[in-house]
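Have a look at this one before I ask anything.
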Amino acid sequence: MLLVLALVATILFSLGSGASDASAVSFLLDALSPSSEAALSIRDRIIMQDIRLPRIVLGMMIGASLAVAGAVMQGLFRNPLADPGLIGVSAGAGLAAVAVIVLGTTSLAPLVVIFGSFALPFAAFCGGLATTLVLYRISTRQGRTSVATMLLAGIALAAMAMAFTGLLIFVADDRQLRDLTFWSLGSLSGATWQKVGAVAPIMLLALAATPFLARGLNALALGEATANHLGISVQRLKYVAVVAVAAATGASVAVSGGIGFVGIVVPHLLRLLIGPDNRFLLPASALLGASLLLLADAASRTIVAPAELPIGIVTAAAGAPFFLWILLRKCGVLDL
Amino acid sequence: MIEALGVTASIGGRPIIADIDISAPAGEVTAIVGPNGSGKTTLLRTLSGDLRSSGTITINGRDIAGIKPWQAATLRAVLPQATVLSFPYTVREIVRLGLLGGRSGATEGDRANLPDRALARVDLEGFAGRFYQELSGGEQQRVQLARVLCQVWSPVLDGEPRYLLLDEPVSSLDIKHQLIIMNIARDFARQGGGVVAVLHDLNLTAMFADRIAVMRRGRIAALGTPREVLTDALVSDVFDCPLKLDTLPPAGTPFLLPQAAM
């Protein structure tokens, strides 16, 4: 409940902040009674409807997706440090995106011609999904997935993706390098309703799978064998969880580049506040993730206004110390 | 009845148990004993469906290879040797997980506070709000048993017996709680359910088991009542250690058997 209120407050705050002085209150008044005297100037209305609103919607969806993907991964691997970034899903998606940026004018040109502005998001999504499928294939023997193998293979795949990404960066020219840097730090600045429409179905599908996952992930906390004894179809649970995580992460990386720490900090914070029960943890992660990302985005827009900081810098700069603080505080109280 | 016929199971390509024929009828406590590494836990894991095996395993006549996890969860509950958690769940949350997939069979009125009743049975009343990770090994083991009891609260459901598969349920417990837990197992069997337990303590086994399966090097060396199985020759042979039953220690050396509890 509190989280819902927090999210609404963040949305309003986020609407009102930015390089222009258009205010959230007048926008709401304008939307409710278009003919009233508080009507906005056309300039302000455009800023609200076509720049800030899609950006807010996109930010909320990305924040929710990253936080839920983190929480699901942690439940799946029974490891509080698991994150889509860790098992290479983000790296795979990133490699595909970098490939489009660097090779878009040469060998990947046909792709760019066909998909136009969708080439980058589409490639990143495919990269994330492909990484996950390869990972799943490597770590599944006789219908059973070994989480340890998956974790190690994920680290190896991430290293490989990083190496190829590095190679691509090495051959990139100056203009491409600038694009790459900005993309890799994460930014919501290019948000349009078109982008929202492209990733929303994928993210919403992933989020819709989580109520089914919550029960199973709770059982999985006791180990795979015990979850099975409790009546959970563990293989199916893992399959749905992996696809949901790949979809949520791939879609997020596609439109926003690397936004770190949301997937780890949000579920951690919530476990301290409301406990580890996934039936509450997953929806709460979605809400808090959305709020935090909006706040980070609002900060990234205003700190150096009218310019913008990449949001990845803000989440990392705020998230990393916070994460360390959690670790220090929890030391000695409970094992991670 | 849980029945295994010609069961062979391997881990990592190495056969651990071979040609096992064993049956565990409802209404009885069946103990599996044997030296370390003789395949007791592997046999229990095979019976609970964790390990693929050749041969057939049936519960109440149904092949476990063909039934869904949630159907199996109504037929039997499994207590592992030890369970490590990575998240700070409370004791109540853990015990409640027993109600997740199967059917407890508890009456409508019992259902609501079933976790608390189960905790009371394993002598952990008032522990519901504690963090599982803060408990001692023996207490954690009893929490897990309470969870398992929730899952098959009624030993018989819809006229069908249900089963408890317990892997060393008393190995980390003090003598009082060993007796409490073994009595729970016996009561479960007396009320029509079946119990299969891997045990190390031969005295407790002799006291509570209706049937004993003795394992040696992955095979069943003997199967029968305690009186039939626990003989000088068999025990000495299986445990590779000369032993004589019913020998009292020299006068002046105190000894304490679980049978001594009053």
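The values are calculated or read from the model by the stated rules, or taken from the named source; none is laboratory data. Keep in mind that this is a model prediction, so the values were computed, not measured. Because the Cβ atoms are built from the backbone with ideal geometry, glycine has one as well, and the counts that use them run over all protein chains shown.
The conditions are (1) among the β-branched types (Val, Ile, Thr); (2) surrounded by 24 or more Cβ atoms within 10 Å (Cβ to Cβ); (3) touching a residue at least 24 places away in the same chain (Cβ under 8 Å), and A:ILE313 fails exactly one of them. Which is it?
Unmet for A:ILE313, out of (1) among the β-branched types (Val, Ile, Thr); (2) surrounded by 24 or more Cβ atoms within 10 Å (Cβ to Cβ); (3) touching a residue at least 24 places away in the same chain (Cβ under 8 Å): (2).
Which of the residues spanning segment B:66-84 are in contact (Cβ under 8 Å) with a residue 12 or more places away in the chain and either more than 8 Å from chain A (Cβ to nearest Cβ) or in contact with a strand residue (DSSP E or B) (Cβ under 9 Å, 6 or more places away or on another chain) (or both)? Spell out the reasoning first.
Here is the first cut: in segment B:66-84, the residues in contact (Cβ under 8 Å) with a residue 12 or more places away in the chain are B:69-70, B:72-83.
Across segment B:66-84, the qualifying residues are B:ALA72, B:THR74, B:LEU75, B:ARG76, B:ALA77, B:VAL78, B:LEU79, B:PRO80, B:GLN81, B:ALA82.
Within segment A:267-308, restricting attention to residues that are among the charged types (D, E, K, R) and part of a helix (DSSP H, G or I), which residue is farthest from the other protein chains (Cβ to nearest Cβ)? Walk me through how you get there before you give the answer.
We begin by selecting, within segment A:267-308, every residue among the charged types (D, E, K, R); these are A:271, A:277, A:279, A:297, A:301, A:308.
Still in the running and part of a helix (DSSP H, G or I): A:271, A:279, A:297, A:301.
Working: A:ARG271: 7, A:ARG279: 10, A:ASP297: 30, A:ARG301: 36 Å.
Selected residue: A:ARG301.
Residues in segment A:69-84 that are farther than 10 Å from A:VAL262 by Cβ and either surrounded by 24 or more Cβ atoms within 10 Å (Cβ to Cβ) or in contact with a helix residue (DSSP H, G or I) (Cβ under 6 Å, 6 or more places away or on another chain) (or both): how many?
Counting residues in segment A:69-84 that are farther than 10 Å from A:VAL262 by Cβ and either surrounded by 24 or more Cβ atoms within 10 Å (Cβ to Cβ) or in contact with a helix residue (DSSP H, G or I) (Cβ under 6 Å, 6 or more places away or on another chain) (or both) gives 10.
Hey, does segment A:65-79 have a residue that's in contact (Cβ under 8 Å) with a residue 12 or more places away in the chain, on the phi < 0 side of the Ramachandran plot and in a loop (DSSP other than H, G, I, E, B)?
Taking segment A:65-79 as the starting set, the residues that turn out to be in contact (Cβ under 8 Å) with a residue 12 or more places away in the chain are A:65-79.
Right, trim to on the phi < 0 side of the Ramachandran plot and you get A:65-77, A:79.
Next, only the ones that are in a loop (DSSP other than H, G, I, E, B) stay: A:79.
Yes, the conditions are met somewhere in segment A:65-79.
In addition: Has segment B:133-150 got any residue that is charged (D, E, K, R), part of a strand (DSSP E or B) and farther than 19 Å from A:THR226 by Cα? I'd like the intermediate steps shown before the answer.
Step one: filter segment B:133-150 for residues charged (D, E, K, R), giving B:134, B:139, B:142, B:147.
Next cut, part of a strand (DSSP E or B) only: none.
No: segment B:133-150 contains no residue that is charged (D, E, K, R), part of a strand (DSSP E or B) and farther than 19 Å from A:THR226 by Cα.
A further question on this structure: Identify, from the list B:ARG190, B:ARG147, B:ARG186, B:ARG227, the residue that is of a type in the set (D, E, K, R) and buried (at least 24 other Cβ atoms within 10 Å of the Cβ).
On the way: B:ARG190 fails: buried (at least 24 other Cβ atoms within 10 Å of the Cβ); B:ARG186 fails: buried (at least 24 other Cβ atoms within 10 Å of the Cβ); B:ARG227 fails: buried (at least 24 other Cβ atoms within 10 Å of the Cβ).
Matching residue, one of B:ARG190, B:ARG147, B:ARG186, B:ARG227: B:ARG147.
When you go through B:ARG103, B:ARG96 one by one, which is the residue that is modelled with pLDDT of 90 or more, more than 7 Å from every other protein chain (Cβ to nearest Cβ) and under 17 Å from A:ARG215 (Cα atoms)? If you could, list the steps in order and put the result at the bottom.
Working: B:ARG103 fails: modelled with pLDDT of 90 or more.
That would be B:ARG96, the only listed residue that is modelled with pLDDT of 90 or more, more than 7 Å from every other protein chain (Cβ to nearest Cβ) and under 17 Å from A:ARG215 (Cα atoms).
How many residues does segment B:36-50 hold that are under 23 Å from B:VAL238 (Cβ atoms) and either within 14 Å of another protein chain (Cβ to nearest Cβ) or surrounded by fewer than 16 Cβ atoms within 10 Å (Cβ to Cβ) (or both)?
From segment B:36-50, those under 23 Å from B:VAL238 (Cβ atoms) are B:36-47; that's our starting set.
Going one step further and asking which of them are either within 14 Å of another protein chain (Cβ to nearest Cβ) or surrounded by fewer than 16 Cβ atoms within 10 Å (Cβ to Cβ) (or both), we end up with B:36-37, B:41-42, B:44-47.
The qualifying residues number 8.
From the list B:ALA128, B:ALA118, B:ALA72, exactly one residue is closer than 30 Å to A:LEU273 by Cβ, at pLDDT 90 or above and under 20 Å from the mean Cα position of the chain (by Cα). Which is it? Full working, then the answer.
Working: B:ALA128 fails: under 20 Å from the mean Cα position of the chain (by Cα); B:ALA72 fails: closer than 30 Å to A:LEU273 by Cβ.
That would be B:ALA118, the only listed residue that is closer than 30 Å to A:LEU273 by Cβ, at pLDDT 90 or above and under 20 Å from the mean Cα position of the chain (by Cα).
Moving on to the next point. Output the number of residues of segment B:162-183 satisfying the condition of being within 19 Å of B:LEU75 (Cβ to Cβ), surrounded by fewer than 23 Cβ atoms within 10 Å (Cβ to Cβ) and not charged (D, E, K, R).
Selection size over segment B:162-183: 0.
While we're here: Can you name the residue in segment A:176-220 that is assigned to a loop (DSSP other than H, G, I, E, B) and more than 18 Å from A:ALA69 (Cβ to Cβ) and, of all such residues, is farthest from the other protein chains (Cβ to nearest Cβ)? Spell out how you get there, then give the answer.
Within segment A:176-220, the first condition is being assigned to a loop (DSSP other than H, G, I, E, B), and the residues that meet it are A:186-192, A:209.
Next, from what is left, pick out any that are more than 18 Å from A:ALA69 (Cβ to Cβ): A:187, A:189-192.
Values: A:SER187: 33, A:SER189: 37, A:GLY190: 37, A:ALA191: 35, A:THR192: 39 Å.
That would be A:THR192.
Now for a separate question. Among (1) small (Gly, Ala, Ser); (2) within 13 Å of chain A (Cβ to nearest Cβ); (3) touching a residue at least 12 places away in the same chain (Cβ under 8 Å), where does B:SER154 come up short?
(2)
Let me ask something else. Looking at B:ASP110, is it away from chain A (no Cβ under 12 Å) and either on the phi > 0 side of the Ramachandran plot or assigned to a strand (DSSP E or B) (or both)? Full working, then the answer.
Working: away from chain A (no Cβ under 12 Å): yes; either on the phi > 0 side of the Ramachandran plot or assigned to a strand (DSSP E or B) (or both): no.
Considered against the rule, which asks whether it is away from chain A (no Cβ under 12 Å) and either on the phi > 0 side of the Ramachandran plot or assigned to a strand (DSSP E or B) (or both), B:ASP110 comes out as no.
(1) buried (at least 19 other Cβ atoms within 10 Å of the Cβ); (2) within 30 Å of B:THR41 (Cβ to Cβ); (3) more than 14 Å from chain B (Cβ to nearest Cβ): which one isn't true of A:VAL245, the others all being true?
(2)
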